[in-house]
Amino acid sequence: MNYREAMEYVESLQKYGSVLGLANMEELCRRLGNPQDELKFIHIAGTNGKGSVLAYISTVLHEAGYRVGRYISPVITDYRERFQVGGRPISKAGLCKYLEQTREVVQQMEAEGLSHPTPFEIETAVAFLYFLDKKCDIVVLETGLGGRLDATNIIQTPICTVFASISMDHMAVLGNTLEEIALQKAGIIKEDSLVISAQQRPEVLQVIGRMAKEHRCRMTVVDGSDIRQVKYGLTKQRFSYKSYKKLEIDLSGQYQIENAALAIEVIDALQEEGFLVSEEQLRYGLKKTEWPGRFQVIGKTPVFIADGAHNEDAARRLAESIRFYFTDRRILYIMGVLKDKEYDKIIQATYPYAEHIITVTPPHNSRAMSGYELAQAVKEYHECVTVADSLQEAVELSCLLAGDDKKAVVIAFGSLSFLGELISIAEHRDMIRRDSHGKSEQN
């Protein structure tokens, strides 16, 4: 299998969709020798923020000298980003090797009349094989959907179970109340592991706390009052947390400080399990952490922000950041969403701050909502709406509308599935513009 064949195989898997449940995953991993049983994990669930928390934790542990595996989804630019060791994606040759190994087992299962594993199940098995071969000291594992029936929940002995912010999302699958959703996510808690949670709604904490107690786990919850001396910024932010003074992060968005605090609690808990991290390594790891597509500043002329606000809670957080960072600025949106998301609630949370809204169809995604349909939904709330035929056109139109106004801000958000391509377009345009400005200045 070469890389082109590997990508064609990955594409062919999409027809198997998403099926919650562990039976297929257990059979697949059994036939592969249960590689997950020989690894140590930090298992992270949540509705929003779990990726950022994963990035903080894995970067700090890497800076402390540990070989750290990362398993993430969705990705922004390259499929191989799903599987990382030491912050670097799997090689093309490595991906081909583990995909081929897994495909052989899948074909055996299918020949015996068993159900074909889903794409996420196959990818998760590939991750386990890769991390085991790379002799990872620890793997930071992000759930795909929910928790209890998620393919990643095949792991039995996580060192630490972590809960980022939990809110309403995927109700058709996870439940119609916060308690039901929290119960699904809390299903990743295992016996005698450490349980660490972000600040949550009371009903969510009650569910997590009950599950932790049933499984004899020690539970820690981030206390917002321990976050002090906060200095927010678009390119760097500073805060103190408990005994740590004047910590600095480069990720933007008010919520990133809360995510960093959760990561600090995890690092502190891991010290008791033998994963030693100095304060200097913690500081440098937090500062060095990158996480694309989360209130990411990708252009300066105009200010251009990319954010993966794809559900109601994330949209509200985006709105909070807009109010905080961009008071009295002209705000232009580029929106693209998936049709199975609560796009109406995303619109409601964000439309009041926009001068003009450009809608796009996320490319290469069967679940994409057309830009035209999204525009019709937006028009129920906002009269200045334009449909762009492509991401390139959306970027050019947004910059045309911004003109030379230094108060103009373009914010692209919605599905993460189109942000990678859009970021590339916007960064390329900003670089060209800066180069042309530089030449004109020299002349």
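Close Cβ contacts (under 9 Å, 6 or more residues apart or on different chains) running from residues in the range 223-238 that are in contact (Cβ under 8 Å) with a residue 12 or more places away in the chain to residues that are exposed (fewer than 12 other Cβ atoms within 10 Å of the Cβ) and of a type in the set (Phe, Trp, Tyr) comprise TYR232/PHE324. Scanning the range 95-111 for residues that are in contact with a Ser or Thr (Cβ under 8 Å, 6 or more places away or on another chain), under 18 Å from GLY51 (Cβ atoms) and of a type in the set (A, V, I, L, M, F, W, C) turns up nothing.
Taking the range 67-96 on its own, how many of its residues are among the hydrophobic types (A, V, I, L, M, F, W, C) and within 15 Å of the chain's Cα centre (by Cα)? Final tally of qualifying residues: 4.
The set of residues from the range 27-57 being modelled with pLDDT of 95 or more, of a type in the set (Lys, Arg) and in a helix (DSSP H, G or I) comprises ARG30, ARG31.
Of all residues in the range 205-222, those satisfying the criterion of being in contact (Cβ under 8 Å) with a residue 40 or more places away in the chain and either in a helix (DSSP H, G or I) or among the polar types (S, T, N, Q) (or both) are ILE208, THR220.
The one condition from (1) of a type outside the set (S, T, N, Q); (2) more than 24 Å from the chain's Cα centre (by Cα); (3) exposed (fewer than 13 other Cβ atoms within 10 Å of the Cβ) that LYS245 does not meet is (3).
If only residues of the range 184-200 that are open to solvent by 20 Å² or more (accessible area, probe 1.4 Å) and either under 18 Å from ILE346 (Cα atoms) or out of contact with any Gly (no Cβ under 7 Å at 6 or more places or on another chain) (or both) are counted, the one that is modelled with the highest pLDDT is LYS190.
The values are calculated or read from the model by the stated rules, or taken from the named source; none is laboratory data. All values reported here derive from a predicted model rather than from experimental measurement. FYI the Cβ positions are ideal-geometry reconstructions off the backbone, even for glycines, and counts take in every protein chain you see. For the accessible areas, the whole protein counts, side chains as well, though only heavy atoms, and no ligand, DNA or RNA atoms are used. Shrake-Rupley method; radii C 1.70, N 1.55, O 1.52, S 1.80 Å.
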